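The values are calculated or read from the model by the stated rules, or taken from the named source; none is laboratory data. The shown structure was predicted, so the numbers you read here are calculated from the model rather than taken from an experiment. Cβ: placed from backbone, ideal geometry, glycine included. Neighbour counts: every protein chain shown.
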Amino acid sequence: MPVAEIKIPMVDPGRWYRKHLSEVQQLLGEVLSSGRYLLASRTVAFEQKLADFCNTSYAVAVNSGTDALYLSLTVAGIGDGEVIVPSHTAAATISAIEQAGAIPVFADIQSRGVCLDPEDVERRITERTRAIVAVHMFGVSANMTALRELASLHGLLLLEDCAQAFGATHQGVPVGGLGDMGAFSFYPTKNMGAAGDAGAIVCNDGVTAQRLVAARQYGWDDERRVCGPGINSRMDEFQAAILNLRLEHWPQDFARRLHIAERMQNAVAGNPKLSHREAPIGDVHAYHLFVVECAEPELLSAHLAARGIASAYHYSRPAHGESHFEQYATGLELPNTSHLYERMLSIPLFPELTDTEVAQIEAALGVW
Ligand SMILES: Cc1ncc(COP(=O)(O)O)c(C=O)c1O
């Protein structure tokens, strides 16, 4: 089949900025003139809005999702203990655990879900386990009810990796406030995307929040005395200004994302060769990614490409298949994870897709 030009990309963050260009330009101009570029009023305002959104007492803005995970594990003092984590995640989750000095212990996902299987987590708990990192993949919350129970029973830290799940809820509660801490990424292609790197941690414990505030800036306390471990992970005011604006537009943007997701669901449901994993009943799927399952994803990818539609693998291999992480995976078998990786393909889903583009994707799924 001839290779067609890709006209419908997987993501295109520039579309949002082109739509809101004058508002964005004005905000960025105000930041420049203010002379305050890091951790100033716009960051403080964003922290407040994020905490409100997540229904948590605190939010601490940092420089990336990876830093948010690393700083959470560090202030919790997990040391060189074991951290149970799904292998079905971004490499960044595992890098953050390593960076914190701990040992990742990979667990499987649920057979019909995309997040940690609490029963498999339980099997992997040892006396060296210090934490569970629940990753809310694709926009679906992990089973936080079961994981919370396990973490409480064994005295473990429960950290949520919310990088892919801004807008998701579990049993009516927004992700981020379901564990001890919730780490967000605002990488440009995320549901809540900045125009560069940015991240945040939300939590309900005042002492933890204070430690995070210190740890994101050299370990400084209010009087600039080094009171604990720290790095430089400040959020810049340009990103905070953009994130505040994006939060204002969130209701319409998210509604559009959900509307497109519903159309994709119907298209998938109309083709017996395709399937899609929904969020459990009672949970809201935030549709960071729309992932289709089929017997031969590479053929589906070629079929879409021939119609000018991009697709992608999230990811090409599970984390325990990455050569650097194989050291934590000797003899490891994760059948549910492996099964999903043989079958999945992500298709474009972002609010700025036009109705024509959505119709083209629906049509392409219909004739495969
Ligand atoms: C599940 C998950 N965790 C962590 C991260 C890391 O976020 P960042 O790129 O902002 O460091 C990402 C982003 O790709 C992610 O998808």
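For the range 184-225, taking the residues that are in contact with an Asp or Glu (Cβ under 8 Å, 6 or more places away or on another chain) and assigned to a strand (DSSP E or B), the one that is farthest from the ligand (Cβ to nearest atom) is identified as Cys203.
Is it the case that some residue within the range 92-100 is touching a His at 6+ places or on another chain (Cβ under 9 Å) and among the aliphatic types (A, V, I, L, M)? Yes, that holds for at least one residue.
Could you please let me know if Glu326 is of a type in the set (Asp, Glu), under 22 Å from His288 (Cβ atoms) and out of contact with any His (no Cβ under 6 Å at 6 or more places or on another chain)? When the stated conditions are applied, Glu326 does not pass them. For the range 350-368, the set of residues classified as under 16 Å from Ser275 (Cα atoms) and either assigned to a loop (DSSP other than H, G, I, E, B) or among the acidic types (Asp, Glu) (or both) consists of Glu362, Val367, Trp368, listed by residue number. When Gly176, Gly282 are screened for being touching a strand residue (DSSP E or B) at 6+ places or on another chain (Cβ under 9 Å), more than 20 Å from Thr74 (Cα to Cα) and at pLDDT 95 or above, only Gly282 passes. Here Ala146 meets each of (1) under 12 Å from the mean Cα position of the chain (by Cα); (2) within 19 Å of Ile281 (Cβ to Cβ) with one exception, condition (1). Just to verify a result, which residue in the range 324-338, among those that are in a loop (DSSP other than H, G, I, E, B) and free of Cβ contacts under 8 Å to residues at least 12 places away in the same chain, is surrounded by the fewest Cβ atoms within 10 Å (Cβ to Cβ)? For the range 324-338, the residue satisfying everything is Gly331. Exactly one residue among Leu289, Leu274, Leu299 is within 18 Å of the chain's Cα centre (by Cα), on the phi < 0 side of the Ramachandran plot and in the same structural domain as Ile347 (by TED's automatic domain parsing), and that residue is Leu289. Note on the range 135-150: residues that are over 17 Å from Leu340 (Cβ atoms) and hydrophobic (A, V, I, L, M, F, W, C) amount to 4. Of all the criteria given as (1) outside any loop (DSSP other than H, G, I, E, B); (2) surrounded by fewer than 18 Cβ atoms within 10 Å (Cβ to Cβ); (3) within 16 Å of the ligand (Cβ to nearest atom), the one not satisfied by Asn266 is (3).
Applying the selection to the range 278-316, what residues are within 16 Å of the ligand (Cβ to nearest atom) and farther than 19 Å from Pro351 by Cβ? Answer for the range 278-316, where residues must be within 16 Å of the ligand (Cβ to nearest atom) and farther than 19 Å from Pro351 by Cβ: Tyr313, Tyr315, Ser316.
Can you tell me which residue in the range 96-106 is surrounded by the most Cβ atoms within 10 Å (Cβ to Cβ), limited to those that are farther than 21 Å from Asn143 by Cα and of a type outside the set (Val, Ile, Thr)? My answer is Ala96.
Look at the range 181-203: where a residue is more than 15 Å from Thr43 (Cα to Cα) and a partner is part of a strand (DSSP E or B) and among the aromatic types (Phe, Trp, Tyr), sitting 6+ places away or on another chain with Cβ atoms under 7 Å, you get Cys203/Tyr58. Where helices (runs of 4 or more DSSP H) fall entirely within the range 20-95, those with at least 3 residues that are crowded, with 24+ Cβ neighbours inside 10 Å and modelled with pLDDT of 95 or more are at 41-54, 65-75. Filtering the range 193-210 to residues that are out of contact with any Ser or Thr (no Cβ under 9 Å at 6 or more places or on another chain), crowded, with 17+ Cβ neighbours inside 10 Å and either under 15 Å from Leu73 (Cβ atoms) or not small (Gly, Ala, Ser) (or both) leaves only Gln210. Only residues that are surrounded by 24 or more Cβ atoms within 10 Å (Cβ to Cβ), of a type in the set (A, V, I, L, M) and either in contact with a Pro (Cβ under 8 Å, 6 or more places away or on another chain) or farther than 18 Å from Val60 by Cα (or both) were counted in the range 164-179, giving 1. Restricting the first member to the range 104-121 and to residues that are in a loop (DSSP other than H, G, I, E, B), and the second to residues that are of a type in the set (Ser, Thr, Tyr), the beta-carbon pairs closer than 6 Å and six or more apart or on different chains are Asp108/Thr337. Number of residues in the range 159-183 that are away from the ligand (no atom under 16 Å from the Cβ), in a strand (DSSP E or B) and either of a type in the set (Gly, Ala, Ser) or within 19 Å of Thr208 (Cβ to Cβ) (or both): the value is 2.
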